[in-house]
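Trainee: Here it is: the structure, laid out below.
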Amino acid sequence: MEKPALPRFPSDFVWGVSTASYQIEGAVKEDGRGPSSWDAFVAEPGRVLGGDTGDVACDHYHRYPEDIRLMAELGVDAYRFSFSWSRIQPGGTGPVNPAGLGFYDKLVDGLLDAGIAPSPTLFHWDTPLELEQAGGWLNRDTAERFGEYAQIVGEHFADRIPRWITVNEPVVLTMLGYGAGIHAPGLELGFGALPAAHHLLLAHGLGVQALRAAGASNIGIANNHAVTWSASTSEEDVQAAGLYDNIANWIFADPILTGAYPQELASLLPEVPEADMVVISTPIDWYGINSYNPMLVGAPTVGEAALMDGHELDASLPFSLRELQGYPRTDFDWPVVPAAFTELLVGFKERYGKKLPPLYITENGAAINTGVDVDGRVPDQRRIDFMDAHLHALRVAMDAGVDVRGYFYWSLMDNFEWAAGFSQRFGLVHVDYETQKRTPKDSYYWYQDLIRHTQP
Ligand code: IFM
């Protein structure tokens with residue numbers, strides 16, 4: 001096959017793929033796993049499209065050897081997955097479940113044998129149900145419990161795991177889980193959700209400290225970021241977009257990278273002990289960015305509720321999300337704007353300067369719902385176009401001096417896309433949820449070829 005027309009990446013650039021426990025594992029009642037916030041949420045009628053659940057998902061719990069083989073053939077250097085906290089510590093506190101750790105032992109060892117660097121996230125939204133019922137992330141105690149859990153996994157795995165991620169996308173759990181009620185636990189607190197943001201950040205900091213104390217190194221976070229554009233130059237729109245930008249981006253990055261919340265949010269945030277900020281800003285080795293598309297934001301539109309992934313947002317919010325027109329869209333209806341990816345990364349360098357550690361792109365991907373054709377192929381050219389354009393955009397940012405060390409495509413395989421159930425397919429590998437047959441898509445072979453040509 002011809003060399004892909006992509007710019008060159010450094011020979012030690014890390015190529016990877018990402019997944020998360022609840023989205024792929026299934027086996028929710030096996031080997032002593034405790035329930036999580038998502039097990040409870042999916043059981044509530046009307047919460048998830050089509051009533052889908054992660055009970056079986058991709059059955060990765062039983063099929064992980066096949067999934068490791070698929071990754072080995074793909075040629076990735078690293079695999080970002082997540083530990084299910086309630087598989088390891090069923091109640092979120094107290095005794096450890098040896099069978100839970102045992103599953104991840106097999107996964108980690110299998111990856112190492114295949115020459116793939118295990119890169120786990122400690123928490124990707126599946127809060128142990130007992131903790132959720134005690135207030136979840138609105139309760140400071142959950143952050144303390146997370147620190148203990150981080151110590152358990154750190155002590156168990158430190159000698160085998162070369163890259164660690166504390167928490168995935170606290171912004172999404174805060175906004176969609178506690179603010180807008182679209183994700184578990186389904187609360188609609190609006191700005192009342194902000195304490196969850198602080199406790200998730202505190203958990204991150206406590207996690208970094210516990211991991212380091214256990215001998216782990218190379219620790220980062222996976223934070224979701226989207227360039228925010230104002231719907232117009234009017235003062236109202238610019239102000240609304242600025243507020244959204246602070247709430248969606250900087251509230252989650254500033255405390256980690258500068259030790260302080262954005263000034264503009266002072267009136268919305270609870271009083272925070274200075275000691276918390278010291279914990280949150282515990283130095284990290286790298287900063288992970290998950291990014292999909294930019295956001296267009298304006299002042300609230302009278303009588304019209306803003307939509308997020310098809311869900312109505314509280315009409316009383318002081319901003320509204322607008323449709324970004326004039327760009328191609330994924331099947332999830334997300335706009336495809338590669339130049340915004342460059343803008344985001346360059347913006348990070350400009351905002352944080354020397355305080356910014358090296359970056360990894362811990363997620364980037366597109367839902368393209370192409371199925372298997374009569375020849376057994378999955379011709380998902382639009383995903384290839386998405387990846388190609390975003391990798392070009394990434395290269396432009398790197399040429400502008402942004403230090404990016406790796407790229408993890410979301411996702412290795414189609415999986416449970418939260419409130420959208422199985423309707424959205426982000427994978428490089430197609431999963432037939434009836435038979436669990438895995439079929440590598442055209443994009444899988446494209447990525448394989450790209451990796452081959454970039455490696456020394
Ligand atoms: O599937 C999610 C993932 O769990 C977190 N980041 C965004 C992905 C696509 O929506």
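The values are calculated or read from the model by the stated rules, or taken from the named source; none is laboratory data. Computed from a prediction, not measured in an experiment: that's the story for all the values here. FYI the Cβ positions are ideal-geometry reconstructions off the backbone, even for glycines, and counts take in every protein chain you see. For the accessible areas, the whole protein counts, side chains as well, though only heavy atoms, and no ligand, DNA or RNA atoms are used. Shrake-Rupley method; radii C 1.70, N 1.55, O 1.52, S 1.80 Å.
Trainee: I'd like the full set of residues that are under 13 Å from residue 33 (Cβ atoms) and among the hydroxyl-bearing types (Ser, Thr, Tyr), limited to region 98-134.
Mentor: 104
Trainee: Right, next: Identify all residues within region 323-345 that are within 18 Å of the chain's Cα centre (by Cα) and at positive phi; write none if there are none.
Mentor: None; the set is empty.
Trainee: Suppose the filter is of a type in the set (Gly, Ala, Ser) and open to solvent by less than 20 Å² (accessible area, probe 1.4 Å); does residue 11 pass it? Give the steps one after another, and end with the answer.
Mentor: Details: of a type in the set (Gly, Ala, Ser): yes; open to solvent by less than 20 Å² (accessible area, probe 1.4 Å): no.
Against the criterion (of a type in the set (Gly, Ala, Ser) and open to solvent by less than 20 Å² (accessible area, probe 1.4 Å)), residue 11 does not qualify.
Trainee: What number of residues in region 311-332 are open to solvent by 50 Å² or more (accessible area, probe 1.4 Å) and either free of Cβ contacts under 8 Å to residues at least 24 places away in the same chain or closer than 18 Å to residue 227 by Cβ (or both)?
Mentor: So the count comes out to 9.
Trainee: Kindly provide the set of residues from region 383-417 that are within 16 Å of the ligand (Cβ to nearest atom) and not in a loop (DSSP other than H, G, I, E, B), ordered by number.
Mentor: Step one: filter region 383-417 for residues within 16 Å of the ligand (Cβ to nearest atom), giving 383, 386-387, 390, 407-417.
Residues satisfying the conditions are 383, 386, 387, 390, 407, 408, 409, 410, 413.
Trainee: Any residue at all in region 42-50 that's touching a Pro at 6+ places or on another chain (Cβ under 9 Å) and surrounded by fewer than 18 Cβ atoms within 10 Å (Cβ to Cβ)?
Mentor: Here is the first cut: in region 42-50, the residues touching a Pro at 6+ places or on another chain (Cβ under 9 Å) are none.
Checked against the condition, which is being touching a Pro at 6+ places or on another chain (Cβ under 9 Å) and surrounded by fewer than 18 Cβ atoms within 10 Å (Cβ to Cβ), region 42-50 yields no hits at all.
Trainee: Also, I was wondering about something else. State all residues of region 367-379 that are within 16 Å of the ligand (Cβ to nearest atom) and either within 16 Å of residue 437 (Cα to Cα) or open to solvent by 50 Å² or more (accessible area, probe 1.4 Å) (or both); if no residue qualifies, say none.
Mentor: Result: 369, single match.
Trainee: Same structure again: If a residue has to be of a type in the set (A, V, I, L, M, F, W, C) and either at positive phi or within 16 Å of the ligand (Cβ to nearest atom) (or both) to count, how many in region 346-366 make the cut?
Mentor: If we filter region 346-366 for residues that are of a type in the set (A, V, I, L, M, F, W, C), which is where we start, we get 346, 348, 356, 359, 361, 366.
Keeping just the survivors that are either at positive phi or within 16 Å of the ligand (Cβ to nearest atom) (or both) gives 361, 366.
Residues flagged as of a type in the set (A, V, I, L, M, F, W, C) and either at positive phi or within 16 Å of the ligand (Cβ to nearest atom) (or both) within region 346-366 amount to 2.
Trainee: Exactly one condition in (1) open to solvent by less than 10 Å² (accessible area, probe 1.4 Å); (2) in contact with a Pro (Cβ under 7 Å, 6 or more places away or on another chain); (3) more than 16 Å from the ligand (Cβ to nearest atom); (4) not polar (S, T, N, Q) is false for residue 79; which is it?
Mentor: (3)
Trainee: Right, next: Which of the residues belonging to region 313-335 are within 16 Å of the ligand (Cβ to nearest atom) and farther than 18 Å from residue 298 by Cβ? Give the derivation first.
Mentor: Our first condition is that a residue be within 16 Å of the ligand (Cβ to nearest atom); within region 313-335, this holds for 321, 329-335.
329, 330, 331, 332, 333, 334, listed by residue number.
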